[in-house]
Amino acid sequence: MEIELLEIRDFLARHNPFNVLSAQQLDGLPRLLTVRYIRRGSHFPPVAVTEKFLYVVRSGAIELRDGQGNLHLKLAEGDYYSNLCQLVDLHPEVSGLASEDCLLYALPCEQLAVLRRGSVEFDQLFSQSLRERLRSAVSSVQTLEPGALSVLTLPLADLVKRSAVTVAPHMTVREAAAIMTRERVSSAVVADSDKPIGLITDSDLRTQCVAGEVSLDAPVSQIMSPQPVTISDRSSAFDALLLMSRRHINHLPVMSDGHLTGVITSRDLARRQSTSALFMSSDIHKAHTREELPAICARLPELQLQMSKAGVQAGYLLDALTAVNDALGEKLITLAIAELGPPPVAFAWVVAGSQARREQTIHSDQDNAIILAEPVSAEQEDYFARLAAFVSDGLNACGYVYCPGEVMATNQKWRQPLATWQKYFHEWIEHPEPRALMLASIFFDMRVLYGDKNLLERLQADILRRTRDNGIFIAYMAANALSHRPPLGFFRNFVLVHDGKHDDTLDIKHRGIVPIIDLARVYALSKGLPQVNTGQRLQAAVESGALSWEMGENLIDALEFIATLRVRHQAAQILRGLAPDNFLAPDDLSELERDHLKDAFAVIKLLQETLENRYQLGRFR
């Protein structure tokens, strides 16, 4: 091949979408192209050209604007423009202007069609919408390692192989035990017309009958756990594990369309899944002292690594890591109460931030607080101060470091009666100055970990009543949300960190994930939606009409893709013995992954601009 054609071939082979073509297709591609030169200020596509082409920018820059003159996109070296071939994702009213002298490669649309027919992967890049590309991107980065297919991803319908063993509520304990022995099961569902009303286990028989005082001739309803937690057969095994960990249970009745179909146990899953770190929550629950906990939590990096290698979705992985931290916090609180005695007044220990959203990685600090049911005396205040110190010190010893901003229950400001918390939020909402907005961003994401859930429910009801349709406050929150912009530069290149420590990297958390979290929070508050998890907030925003279905789905997929890149990056660091961080080098991504990341950032940028225009946010800066 002539040297000039070889140079063109090698250039195209480095850039999407041509990098998925076969070597044979790439070898023939340069002879199909026309080279065009347009001067700065010229219209794009060239007006004198009547044929339809796909254009690839070899050098220079082109600005694309919509029918209102708003900048839609900027093309630079390696970018392509395919609108003339009647493809998707470019607005039909977009027109362009060369902002620099440009050298272009033009591929006739009929030749593009031939290439598409010759390569399924190449064709998919053009036929997919942005949403489909993001979905494909998520799948591509969640590919399982050979042999790593995990039971965690399977629906429970595929795992439950036998019907549930049931007993009637009027049966005696002796009769129920005989049935369990005959059926060789460790539990039986107490059912009334196929509806589970209770659950008995081997443990109940031992503790309440053998070692306790309940007679074997007593009705089974006397020892059963009433209103058992159930799960749908469409849920995954991973969902079952998380539910067991949160509720500290080992048996789950499985339901299908309201009917009992079977029971799944932690032992069933343990036999099928060898990653013992998944049962860390159970190990934490069994600990007797605070000193036992750091050794258990030292396995957290291995948990994140193994789940990432197994191809577990980022949302599930973060939920699992959060479940471990939840179990740790609950255990520390119960140990503290055992040492300090019963609390003098009702309280709620709440977690905030990523833990409240169930979006934690192992690279997280503490965000927590206490809501008291009523004002307390100095002596009672001392009790809660010691409780907070016990828990916070325990979390720190287990790797959840103290919050640099002291947003912790150890800070008396965040250990207050419900009425004081209501005053806090009233002040933040009515006077949204910068620090108020920062605190609101943390404490609008809260969840009760231990104690009286009604306290937080009352607080959140008051908060959402004040924020719903509060245009001024929401505008300030929206302006604050725009402080984190996706790192797309002038030519759709990434704006990288240059701080001497993380040079030439992307802060994937603060420039990719946090903007979506902030956007979801704004939409939730504007409609008074109670959801806290980011994905659930976006889904609820779609259902409320605050967000279009397409944009909501795109944001959810963008979040999953970026989060997956983040946890994969951290897993690679853990494998190398490094402390995980959020600084991702674009050079560590494939060309296709970089293009998908640009798609994800473009979705964020579009919604930020939409929000900016809706609230005319220039006046809030």
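Does Gln355 satisfy the criteria of being over 30 Å from the mean Cα position of the chain (by Cα) and in contact (Cβ under 8 Å) with a residue 12 or more places away in the chain?
So Gln355 fails the test.
Select from the stretch 211-229 the residues that are of a type outside the set (A, V, I, L, M, F, W, C) and without any contact (Cβ under 8 Å) to a residue 12 or more places away in the chain and write down the one among them that is farthest from Ser187 (Cα to Cα).
Glu213
Look at Pro219 and say whether it is touching a His at 6+ places or on another chain (Cβ under 8 Å), outside the structural domain of Arg358 (by TED's automatic domain parsing) and not aromatic (Phe, Trp, Tyr).
So Pro219 fits the description; yes.
Residue by residue, here is whether (1) in a loop (DSSP other than H, G, I, E, B); (2) under 22 Å from Arg116 (Cβ atoms); (3) touching a helix residue (DSSP H, G or I) at 6+ places or on another chain (Cβ under 8 Å); (4) not assigned by TED's automatic domain parsing to the domain that holds Asp66 holds:
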residue	(1), (2), (3), (4)
Leu12	no, yes, yes, no
Asn16	yes, yes, yes, no
Gln25	no, yes, yes, no
Arg31	no, yes, yes, no
Val35	no, no, no, no
Gly41	yes, no, no, no
Ala48	yes, no, no, no
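Are any residues in the stretch 20-31 closer than 13 Å to Val56 by Cα and surrounded by fewer than 19 Cβ atoms within 10 Å (Cβ to Cβ), and if so, which ones?
Listed by number, the list is empty, since nothing qualifies.
Among the candidates Tyr424, Tyr383, single out the residue that is in contact with a strand residue (DSSP E or B) (Cβ under 8 Å, 6 or more places away or on another chain) and buried (at least 17 other Cβ atoms within 10 Å of the Cβ).
Selected residue: Tyr424, the only one of Tyr424, Tyr383 that is in contact with a strand residue (DSSP E or B) (Cβ under 8 Å, 6 or more places away or on another chain) and buried (at least 17 other Cβ atoms within 10 Å of the Cβ).
If Leu26 meets every condition in (1) modelled with pLDDT of 90 or more; (2) over 22 Å from Glu2 (Cβ atoms) apart from one, which number is that one?
Failed condition: (2).
Condition check ((1) touching an Asp or Glu at 6+ places or on another chain (Cβ under 8 Å); (2) at pLDDT 90 or above) across all residues:
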| site | (1), (2) |
| --- | --- |
| Asp499 | no, no |
| Ala520 | no, yes |
| Tyr523 | no, yes |
| Leu529 | no, yes |
| Val542 | yes, yes |
| Ala546 | no, no |
| Met551 | no, no |
| Ile556 | no, yes |
| Ile562 | no, yes |
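Between a first residue in the stretch 605-621 that is outside the structural domain of His510 (by TED's automatic domain parsing) and surrounded by fewer than 16 Cβ atoms within 10 Å (Cβ to Cβ) and a second residue that is at pLDDT below 80 and assigned to a helix (DSSP H, G or I), which pairs have beta carbons less than 6 Å apart while being 6 or more apart in sequence or on different chains?
Listed by first residue and then by second, the contacts come to nothing, as the list is empty.
The values are calculated or read from the model by the stated rules, or taken from the named source; none is laboratory data. Worth saying up front: this structure is predicted, and the values here are computed from it rather than measured. All Cβ positions, even for glycine, are placed from backbone atoms using ideal geometry, and neighbour counts span all protein chains on display.
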